[in-house]
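Below: one structure, written as structure tokens.
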Amino acid sequence: MDSAPSDKQSADAPGTATDAPAYLPGGTAQTLVKVVIAGPFGVGKTTLIRALSEIRPLHTEELLTEAGELVDDLSGVRDKTTTTVAIDFGRRTLPGDLVLYLYGTPGQRRFKPLWEDIARGALGALVLVDTRRLGDSFEVIDMIEEQGLTYAVAVNSFPDSPAYEEGVLRDHLDLGPDTPLVYCDARDTSQAVDALIALVTCLLSELPQEAVAP
């Protein structure tokens with residue numbers, strides 16, 4: 001799965017394309033970017049894509065079962081009744097004719113092969129974390145770094161989430177100084193967009209100028 005259904009991919013920038021398919025608004029040249037929305041089980045990835053997507057999002061959710069309780073840790077998410085079993089998908093257009101294809105990934109370890117397939121061709125990742133379960137984010141961040149993806153971290157706010165200063169979170173998650181770290185409520189569209197912009201700003205700073213020219 002590459003970033004967009006365009007036949008002309010930029011050789012210098014995997015995960016982007018500049019020819020707009022006919023079904024996009026206006027049919028003008030746009031920069032298309034595949035972005036992964038990642039994070040552990042129950043962190044709010046489906047909710048974030050639902051808040052962000054300008055089209056009706058695709059969700060592949062199934063009800064949690066008693067059998068799943070043997071492999072899925074519900075600590076901190078006891079009210080959760082469904083889980084993503086393949087992908088979530090949405091689309092968001094940002095100023096400058098930048099179109100982001102958003103691929104939400106399952107958060108459980110058993111879906112790692114699927115996660116790797118989804119991440120192929122992506123330009124970057126937005127990682128959601130829950131301060132009630134920070135340890136659950138380590139494996140996801142490790143997988144993203146193994147894929148060589150640029151990423152930003154968004155702390156999803158829950159009513160009972162403990163608050164930590166940014167420096168403490170960076171140390172705990174072992175984030176580099178250049179990795180964006182933002183706070184958001186995944187249900188709030190404006191906050192979700194701000195988190196996405198933090199990632200995109202980082203991505204654009206790394207791309208050759210000609211790769212993002214309109």
Accessible area of Phe89 in the full protein assembly, 1.4 Å probe (Å², nearest 10): 50
Debye, to nearest 20: dipole size of the range 128-209, +1 on Lys, Arg Cβ, -1 on Asp, Glu Cβ: 220
Pairwise label distance in nanometres, Ala163 with Ser205, each label 7 Å out on the Cα-Cβ vector: 2.6
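Would you mind getting me the FRET efficiency between Asp174 and Asp117? Use the beta-carbon distance for r and R0 = 45 Å, nearest 0.05. Intermediate results must be reported in sequence, preceding the final value.
Values: r = 26 Å, r/R0 = 0.58.
Efficiency computed from Cβ-Cβ geometry: 0.95.
Give, as a single signed number, the net charge of other residues whose beta carbon lies under 14 Å from the beta carbon of Thr201, with Lys and Arg counted +1 and Asp and Glu -1. Show your work: numbers first, answer last.
Details: positive: none; negative: Asp178, Asp194, Glu206.
That sum, taken over residues with Cβ under 14 Å, equals -3.
Quick check: net charge around Thr131, other residues with Cβ under 14 Å of its Cβ, Lys/Arg +1 and Asp/Glu -1?
Values: positive: Arg132, Arg133, Arg170; negative: Asp130, Asp136, Asp160, Glu165, Glu166, Asp171, Asp185.
Every neighbour counted, the sum reads -4.
Please identify the GluC sites (Glu not before Pro) of the range 87-185 that satisfy two criteria: DSSP loop assignment and at most 14 other Cβ atoms within 10 Å. Which are they? Display every interim value, and only then the final one.
Details: sites: Glu116, Glu139, Glu145, Glu146, Glu165, Glu166; in loops: Glu165.
Here the sparse-neighbourhood loop sites are Glu165.
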Net charge contributed by nearby residues that have their C-beta within less than 11 Å of Glu54 (K/R +1, D/E -1): +3
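The values are calculated or read from the model by the stated rules, or taken from the named source; none is laboratory data. Fair warning: this is a prediction, and the values are worked out from it, not measured in the lab. Don't worry about glycine lacking a Cβ; one is built from the backbone with ideal geometry, like all the others, and counts go over all protein chains shown. Note: accessible area is taken over every heavy atom of the protein model, side chains too, but ligands, DNA and RNA are not part of it. Shrake-Rupley method; radii C 1.70, N 1.55, O 1.52, S 1.80 Å.
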